[in-house]
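Encoded as structure tokens, the structure appears first; notes follow it.
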């Protein structure tokens, strides 16, 4: 990709669902896009519309849209592999059922289903469906890879399994997956699955997935294996499309996959999506950056999770969808008092501040049926230019003028938050997903409020040696862990790393077995103690500083649990309960330090804004030289501060005001600012720097992007 090109544009016809506007309107729309400073369009391959009859292909709409791209000098992103849970688009061609009797989805094996109604769903494991989809994808890739206007491929749009299938093909694939995991040892599977009651399968063909967890359903591990199989299946389907693209696109353009927003927030609200697995083979992370449902720090957290999975230079990301407008009805907007257009501008700059190198709006308009026809549109229904379209045009202009400066800079982080893939699956099976989610988003909110830049990592990143990229690791509700990752964590701390954890730490192994004391896997020597029980908090409970200290007492809430730490020799007890039992320990291990809270402090930070933990964590980050590079000297909240940097030390500093009112504060730089004034690339105004600080005024929902 050219550094002087910031890709900004829209999704447009042909879509994969609903009715497209008449083709005679498209040329005029492209002219309007150019006037609005847009340079990129994403459109969709819809297999069911192109190959209505088997072997008869009608690419008229796609051919025409690429002709318009050539005529108007517009860059194209083509969604080619699938949408949601369907190959080649949302809906499979109906001849697959008529001619080949492809397997319908069996969502409940106790009540086998047949096709009914106009909407057909075919199992993704059906071999004919897969083979025909591959043939169609190859044909399409070869056809449009010839276009010079094509700059990238969207391998899949928002893939998920709304209904995992229990048909014969899925069960056969599951058994092959199990054979690989258990090295073809059925006795080992029987032993590990038999956590609730003895399992004694005599041959692989008898093995069936658990329909749920617990003693009335079938056990944790059987259910976990089924979920992980479906995660791997989704990732493999995505990977297959990427491999077809790589093989048949002679120009080797980058491929991405558009991750749905709810998968970044909670994988099991959107069907067995593991974002790390899906993005492991694509060239750059892609994302549906919908912000109208989330708090500002949650939106930052969501794009941080996608950025953290990206394999691109500097972990750059593409925003493949973000709401174009008409979201003022959102409860979040109402609660914050945001006006629609300023908040949309703010969200665009938030994505740029987190490393986005492309922003595509959902959608231009020109869809004439379905529930989104009159919503999410940038334009009027008749194609007329709206006020929000003009606002987006101005943002695109600024991005184009500053593209070279923005595109060679990336988001850097000294801190990482461990979002355990093992814990994600376990909490879903256990029915405690919300607790897990509150913990890691609470940890992110804590760092966001402190203006500390951070990434997310998983156990796989730890095993790959990526902890060495960070100075600090935060472990929120890492209930599950394993021995190999524990060894890497021990090595990280021994070599000088800082680790901060809450109560639920390495309690359960990868096979759902509870350690007799936690943390398990030898980590008690790293964290300086252990626990062997959770205690209910029936009334207000506090953690008190163990000795005269500047740190305040930490409140624990009475809808929660706590633990009492048995400290190891040499560990420092920082906080105790009223009983005198240890509540927080700090332990020096090798050159590093571990800080362990025996309460759900990150969850409490999110739910109750319990900020009494900030001073002790802030001091630890300061000592590790992982604190924020910026400090607001007044008591002002809801300001996001981050920067993008290059290898030469040049940076672009972002200040985003999420308040619905104007704020003023003095900003102190903890690094030396070379210039005596900074320039806001958005407004062009100059801000004077004196004594390595400056006075900042931000209007409601305003962003400053400051360049030295």
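7 Å from Cα along Cα→Cβ at both residue 135 and residue 108: what's the point-to-point distance in nm?
3.6
Calculate the spin-label point distance for residue 162 paired with residue 71, positioning each point 7 Å from the Cα along the beta-carbon direction, and give it in nanometres.
3.6
So what is the relative contact order for the range 630-707, in percent, with contacts set as C-alpha pairs under 8 Å and at least six apart?
Numbers: 156 pairs, mean separation 27.4, N = 78.
That works out to 35 percent.
As an exercise, use a Förster radius of 60 Å and the Cβ-Cβ distance of residue 646 and residue 202 to find the FRET efficiency, rounded to the nearest 0.05. Mind showing how you got there, number by number?
On the way: r = 62 Å, r/R0 = 1.03.
Efficiency, rounded to the nearest 0.05: 0.45.
Report, as a whole number in µm² per second, the diffusion coefficient that Stokes-Einstein gives for the range 1-106 at 37 °C and 0.692 mPa s using the Kirkwood radius over alpha carbon pairs.
Rounded, D is 215 µm²/s.
On a full-extension model of 0.36 nm per residue, what is the gain between residue 612 and residue 568, subtracting their alpha-carbon distance, rounded to one decimal in nm?
The residue 612-residue 568 span can extend by a further 13.3 nm.
Kindly rank 686-695, 162-171 from highest to lowest mean number of other beta carbons found within 10 Å of each residue.
Going from most to least packed, we get 162-171, 686-695.
Using a cut-off of under 18 Å, list every residue of the range 116-157 whose amide N is near the label point 7 Å from the Cα of residue 172 along the Cα-to-beta-carbon line.
Label zone hits: 122-134.
What whole-number distance in Å separates the alpha-carbon centres of the range 453-498 and the range 69-89?
38
Take every DSSP beta bridge whose two residues both sit in the range 10-93, then give the antiparallel share in percent to the nearest 5.
Details: 3 of 10 bridges.
Bridges in the range 10-93 that DSSP calls antiparallel: roughly 30 percent.
Return the whole-Å distance between the Cα centroid of the range 609-660 and the Cα centroid of the range 184-220.
Cα centroid of the range 609-660 versus Cα centroid of the range 184-220: 49 Å apart.
With a 10 Å radius around each residue's Cβ, average the other Cβ atoms per peptide and rank 134-143, 36-45, highest first.
Working: 134-143: 17.8, 36-45: 23.9.
Top of the packing list down: 36-45, 134-143.
Test of understanding: extend the Cα→C-beta vector of residue 707 to 7 Å, then name every residue of the range 660-689 with backbone N under 19 Å from that spot.
673-689
Show me 587-596, 108-117, 363-372 ranked by packing, highest mean number of other Cβ atoms within 10 Å first.
The packing order, highest mean first, is 587-596, 363-372, 108-117.
First measure r as the distance between the Cβ atoms of residue 115 and residue 251, then evaluate 1/(1 + (r/R0)^6) with R0 = 35 Å and state the FRET efficiency to the nearest 0.05.
Working from the Cβ atoms, E equals 0.30.
Please arrange 434, 564 by how many other C-beta atoms lie within 10 Å of their C-beta, fewest to most.
Placing the least packed residue first, the sequence is 434, 564.
How large is log10 I(q)/I(0) at q = 0.05, 0.07, 0.09 Å⁻¹ when the Debye formula is applied to the Cα atoms of the chain, each weighted equally and without solvent?
-0.26, -0.51, -0.85
What ranking of 295, 231, 625 emerges when the number of other C-beta atoms within 10 Å of each C-beta is taken as an exposure proxy, fewest first? Walk me through the numbers before you get to the answer.
Working: 295 18, 231 23, 625 9.
Arranged by neighbour count, lowest to highest, 295, 231, 625 become 625, 295, 231.
Using Cα pairs closer than 8 Å and at least 6 residues apart in sequence, work out the relative contact order for the range 415-623, in percent.
Relative contact order comes out at 22 percent.
Run the numbers on the chain and let me know its relative contact order in percent, using alpha-carbon pairs under 8 Å that are six or more apart.
10
How would the range 415-623 be classified by its alpha-carbon gyration tensor: rounded, prolate or oblate, with rounded meaning a/c under 1.5 and the a/b versus b/c comparison settling the rest?
rounded
What FRET efficiency comes out for the pair residue 215/residue 381, r = Cβ-Cβ distance, R0 = 56 Å, nearest 0.05?
0.50
Roughly speaking, what is the stretch gain from residue 463 to residue 23, that is 0.36 nm per residue apart minus the C-alpha to C-alpha distance, in nm to one decimal?
On the way: separation 440, 0.36 × 440 = 158.40 nm, distance 5.20 nm.
Full-extension gain reported as 153.2 nm.
At residue 662 and residue 536, where each label point lies 7 Å from the Cα along Cα→Cβ, what is the point-to-point distance in nanometres?
Modelled inter-label distance: 5.4 nm.
Report, in whole Å, the centroid distance computed from the Cα atoms of the range 565-601 and the range 372-419.
46
Rounded to the nearest 5, what % of the DSSP beta bridges within the chain are antiparallel ones? Please report the intermediate quantities before stating the final value.
On the way: 57 of 103 bridges.
Roughly 55 percent of the beta bridges in the chain run antiparallel, per DSSP.
Starting from the Cα of residue 372, step 7 Å toward the Cβ, then list every residue of the range 1-33 with an amide N under 12 Å from that point.
11-13, 15-19
If you line up the Cα atoms of the range 630-707 on their principal axes, what length do they span on each, largest first, in Å?
Sorted largest first, the three principal extents are 36, 24, 20 Å.
Mean residue ellipticity at 222 nm from the helices of the chain, using -39,500 (n - 2.57) per DSSP H segment of n ≥ 4 over the full residue count, to the nearest 500 deg cm²/dmol?
-9500 deg cm²/dmol
Considering only the range 466-600, what is the antiparallel percent among its DSSP beta bridges, to the nearest 5?
In the range 466-600, DSSP labels about 70 percent of beta bridges as antiparallel.
No lab work stands behind these numbers, since they all come straight from the coordinates. Fair warning: this is a prediction, and the values are worked out from it, not measured in the lab. Don't worry about glycine lacking a Cβ; one is built from the backbone with ideal geometry, like all the others, and counts go over all protein chains shown.
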